[in-house]
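> I'd like to ask you about the structure that follows.
The values are calculated or read from the model by the stated rules, or taken from the named source; none is laboratory data. Quick caveat: nothing in here was measured; it's all calculated off a predicted structure. Cβ atoms come from the backbone with ideal geometry, glycine included; neighbour counts cover every protein chain shown. In case anyone asks, the SASA skips ligands and DNA or RNA and just uses the protein heavy atoms, side chains included. Shrake-Rupley method; radii C 1.70, N 1.55, O 1.52, S 1.80 Å.
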Number of protein chains: 2
Amino acid sequence: VSQEDGLPQRVGIVGAGLIGASVGIALSGAGVEVLLRDTDDEQVRLACALGAGRPWPVGETVDHAVLAVPPHAVAAVLLDLQKSGLAATSSDVASVKVTPVAEAEALGCDLTAFCPAHPVAGRERGGAASARGDLFRDRTWVLCPTPDTSPDAAGAAEFVARTCGAVPVLAPPEQHDAAMALLSHVPQVASSLLAGLSSPLADDDFQLAGQGFRDTTRLAESDPALWASILEGNRRPVADGLDRLAIALSALASVLRDGSPEAIGIAVRDSFAVGGSARRRLPTKVGQVTPDWTWVGVVISDEPGQLAKLFAAVGDWGVNIEDMRVEHNRDAPRGVLELAVAGGDAPILLGQLGAGGWTAYRRD
Amino acid sequence: VSQEDGLPQRVGIVGAGLIGASVGIALSGAGVEVLLRDTDDEQVRLACALGAGRPWPVGETVDHAVLAVPPHAVAAVLLDLQKSGLAATSSDVASVKVTPVAEAEALGCDLTAFCPAHPVAGRERGGAASARGDLFRDRTWVLCPTPDTSPDAAGAAEFVARTCGAVPVLAPPEQHDAAMALLSHVPQVASSLLAGLSSPLADDDFQLAGQGFRDTTRLAESDPALWASILEGNRRPVADGLDRLAIALSALASVLRDGSPEAIGIAVRDSFAVGGSARRRLPTKVGQVTPDWTWVGVVISDEPGQLAKLFAAVGDWGVNIEDMRVEHNRDAPRGVLELAVAGGDAPILLGQLGAGGWTAYRRD
């Protein structure tokens, strides 16, 4: 195994779930050789089919290992890798940092060869099947070197972050965990419990839900087992945050129950002002680059074979479909399929669809 | 002023903020004559410039008035309009229903000529400047007629909702307020207080915030004065919900502080499971019950003709595609196409795909 400029040329990934497979796709896309392993062979098979790399055979060494496993598993996997001598340096992706580092130290791991790290990106849907090579693009990737972490380990972790398109940000493990408790872990718990409050409602009542409910409870579909591991790994800071939130909620409930309209007005305006100012301190969104695609809608009837006919025709016209989505329309015998194409292809697609008898339109 | 088929041809809007101006733009676009008034002339000027209608001169009558004012102002504005005889019927847009109706009754309003209503749509940014004609398209517009509401008043409110492109949903005022407490009012408070928790963090810490924080706290930028009015108008149901949420948060905090890892795992998994199931009861779209489909993922390479080949094969197997979506994967040479099929078709589809050499899997 060779390294030019000390940067890893071959990276091993332990854990072929959403994060591990996404790292694999991003690194492979950038020309890095990627090897994957997982206790679940099916995840490795799927990740490799998606272009995340190739299975990691027993005994093959790598320059750097990315431990894409839940927080509670980091220390044991690190020890195992270091004992086998398979990876020169390692980093992890766990959402908590203090506990895994303490556990690694207690197990006798070599902390010089380990750079704790945390890409701040994810989806509610886990597993290799949900992996995306652009998952980390323009997202924060927190590097949390300990006083023991060697420059080689930190450099390799930073290389992985940058190659995935992320923005590396330095923070000591303690600061990371305190901030993530309030910015991620408590919001996750609040989202899940908030969604749970609506359990007693009738199915029809859910028709009254607007975008606010959808957004505030989006995280409620996250993986409970993964979150049990994260919350257990950051228990005190999260418990403190949950208690503070509970106290604030109870205080407002009390004013709503017994306060005058004036007292309610003051309590709501004051607490909302604090929340509003805090949120406005978020850096300007560095979200994904909006792709320069044009969306074209096509009306699809319910007759069999319509989709096959459409896609065969689109292929004949030499138009490449970048993305697609379905506009649901339950009450109608027809639906709309929306196709994203490169801007220059839109007039061709629209013209051909029109000539072919399809009802199509440009979607603004 | 004439009415054909009892439907309003001229609609007056009181309150030219986000909701009022958006209703005006939508109705004007559909050919309805719209008149607007507001205590703030600037909002009326702006709304009219955006195509929401024309200023409502003193003394001019309308077929139906839409009271787009905060909840606490509904009863007084309704009384004023009814005394002046300017509107045959009225509806409102307030996010609470029981209190304004009780206040209108106490003031001696004619409740036969009033249909309480609530379009479930909004933006964090208020004012006529944020108005959009498509704000209500495909959104729920709850109609909450009381036992007193006349068919004319209810019909006019439904006409406004449908003309704005919304989906009318019927719910008595009490049911509306109980559901909205859990689906909108408590989420709003939780979002604001959650954002406020992060106040003590340093500016640099906010770089660590991910999409989860942005989504769960998006509502924290909502208008505090409007929300004081909404929460005051639904105080008991909201207080009950806030208390339930506080209790659930404290209980989880307590387990995190003192529980064993096993106890934490159980508590997290149980509470997250409740939240996840509740959220999955949200309709995909208004008026649509969550369909009982099974999703099957298929890995699609970037070679031309793959989609045509796939859909032709699926058609040959006699499997009906109910819905589909793309797991877009910008940096990979392959993507995943997910197909929704009736549960019984999933094994057939998976078997045929596997036999045909496709990498496919069942999506849980």
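> Those residues that are more than 14 Å from chain B (Cβ to nearest Cβ), free of Cβ contacts under 8 Å to residues at least 60 places away in the same chain and within 21 Å of residue A:226 (Cα to Cα), I need them from segment A:49-75; list them, please.
The answer is A:65, A:67, A:68, A:69, A:74.
> Taking the condition facing chain A (nearest Cβ under 9 Å) and either out of contact with any Phe, Trp or Tyr (no Cβ under 9 Å at 6 or more places or on another chain) or not charged (D, E, K, R) (or both), does residue B:241 pass?
Working: facing chain A (nearest Cβ under 9 Å): yes; either out of contact with any Phe, Trp or Tyr (no Cβ under 9 Å at 6 or more places or on another chain) or not charged (D, E, K, R) (or both): yes.
Here the answer is yes, as residue B:241 does meet what is asked.
Residue by residue, here is whether (1) out of contact with any Ser or Thr (no Cβ under 7 Å at 6 or more places or on another chain); (2) modelled with pLDDT of 85 or more; (3) open to solvent by less than 30 Å² (accessible area, probe 1.4 Å) holds:
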residue	(1), (2), (3)
B:288	yes, no, yes
B:292	yes, no, no
B:307	yes, yes, no
B:310	yes, yes, yes
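> Just to be sure before I move on: is residue B:254 over 23 Å from residue B:361 (Cβ atoms), surrounded by 14 or more Cβ atoms within 10 Å (Cβ to Cβ), modelled with pLDDT of 95 or more and in contact with a Leu (Cβ under 7 Å, 6 or more places away or on another chain) in the structure I sent?
On the way: over 23 Å from residue B:361 (Cβ atoms): yes; surrounded by 14 or more Cβ atoms within 10 Å (Cβ to Cβ): yes; modelled with pLDDT of 95 or more: yes; in contact with a Leu (Cβ under 7 Å, 6 or more places away or on another chain): no.
Here the answer is no, as residue B:254 does not meet what is asked.
> Is there a residue being modelled with pLDDT of 95 or more, small (Gly, Ala, Ser), under 25 Å from the mean Cα position of the chain (by Cα) and open to solvent by less than 40 Å² (accessible area, probe 1.4 Å) anywhere in segment B:56-70?
yes
> Look at residue A:97 and say whether it is charged (D, E, K, R), open to solvent by less than 20 Å² (accessible area, probe 1.4 Å) and modelled with pLDDT of 95 or more.
Answer is yes for this residue.
> Also, quick follow-up: Looking only at segment A:108-141, which residues are in contact with a Pro (Cβ under 8 Å, 6 or more places away or on another chain), part of a strand (DSSP E or B) and crowded, with 24+ Cβ neighbours inside 10 Å?
A:115
> Determine the pairs where a residue that is more than 7 Å from chain B (Cβ to nearest Cβ), located within segment A:254-280, has a partner that is surrounded by fewer than 14 Cβ atoms within 10 Å (Cβ to Cβ) with Cβ atoms under 7 Å apart, the partner being 6 or more residues away or on another chain.
Partner pairs satisfying both residue conditions: A:255/A:263.
> Also: Taking segment A:228-237 only, how many residues are open to solvent by less than 30 Å² (accessible area, probe 1.4 Å) and at the interface with chain B (Cβ under 7 Å from one of its Cβ atoms)? Write out each step before concluding.
Kept after step one, since they are open to solvent by less than 30 Å² (accessible area, probe 1.4 Å), are these residues of segment A:228-237: A:228-231, A:233-234.
Now narrow it down to the ones that are at the interface with chain B (Cβ under 7 Å from one of its Cβ atoms): A:228, A:231.
Selection size over segment A:228-237: 2.
> Then there is this: Working carefully through the options B:208, B:197, B:170, B:201, find the one that is facing another protein chain (nearest Cβ under 10 Å) and more than 11 Å from residue A:183 (Cα to Cα). Can you show your working first?
Numbers: B:208 fails: more than 11 Å from residue A:183 (Cα to Cα); B:197 fails: more than 11 Å from residue A:183 (Cα to Cα); B:201 fails: more than 11 Å from residue A:183 (Cα to Cα).
Just a single option satisfies the conditions, and that option is B:170.
> When you check residue A:219 against the structure, is it part of a helix (DSSP H, G or I), open to solvent by less than 30 Å² (accessible area, probe 1.4 Å), within 7 Å of chain B (Cβ to nearest Cβ) and in contact with a Gly (Cβ under 9 Å, 6 or more places away or on another chain), yes or no? If you could, list the steps in order and put the result at the bottom.
Working: part of a helix (DSSP H, G or I): yes; open to solvent by less than 30 Å² (accessible area, probe 1.4 Å): yes; within 7 Å of chain B (Cβ to nearest Cβ): yes; in contact with a Gly (Cβ under 9 Å, 6 or more places away or on another chain): yes.
Against the criterion (part of a helix (DSSP H, G or I), open to solvent by less than 30 Å² (accessible area, probe 1.4 Å), within 7 Å of chain B (Cβ to nearest Cβ) and in contact with a Gly (Cβ under 9 Å, 6 or more places away or on another chain)), residue A:219 qualifies.
> Tally time: how many residues in segment A:206-229 are within 21 Å of residue B:271 (Cβ to Cβ) and in contact with a helix residue (DSSP H, G or I) (Cβ under 7 Å, 6 or more places away or on another chain)? If you could, list the steps in order and put the result at the bottom.
Looking only at segment A:206-229, we keep the residues that are within 21 Å of residue B:271 (Cβ to Cβ), and these are A:206, A:209, A:213-229.
Okay, now just the ones that are also in contact with a helix residue (DSSP H, G or I) (Cβ under 7 Å, 6 or more places away or on another chain), so A:209, A:213, A:215-222, A:224-225, A:227-229.
Count: 15.
> A follow-up question, please. In this structure, does residue B:194 turn out to be under 18 Å from the mean Cα position of the chain (by Cα) and among the hydrophobic types (A, V, I, L, M, F, W, C)?
The answer is no for residue B:194.
> Ok, one more. Which residues, taken from segment B:192-215, are over 21 Å from residue A:169 (Cβ atoms) and not aliphatic (A, V, I, L, M)?
The answer is B:192, B:196.
> Something else now. Has segment B:32-48 got any residue that is at positive phi and free of Cβ contacts under 8 Å to residues at least 60 places away in the same chain?
The answer is no, given that none of the residues of segment B:32-48 is at positive phi and free of Cβ contacts under 8 Å to residues at least 60 places away in the same chain.
> In addition: Can you tell me which condition residue A:191 does not meet? The list is (1) in contact with a strand residue (DSSP E or B) (Cβ under 7 Å, 6 or more places away or on another chain); (2) open to solvent by less than 10 Å² (accessible area, probe 1.4 Å), and all the others hold.
(1) is the only condition that residue A:191 fails.
> Restricting to segment A:177-187, count the residues that are at the interface with another protein chain (Cβ under 7 Å from one of its Cβ atoms) and surrounded by 24 or more Cβ atoms within 10 Å (Cβ to Cβ).
Qualifying residue count, segment A:177-187: 6.
> In segment B:33-52, which residues are at pLDDT below 95 and within 15 Å of residue B:23 (Cα to Cα)?
Hits for segment B:33-52 are B:43, B:44, B:46, B:47, B:48, B:49, B:50, B:51, B:52.
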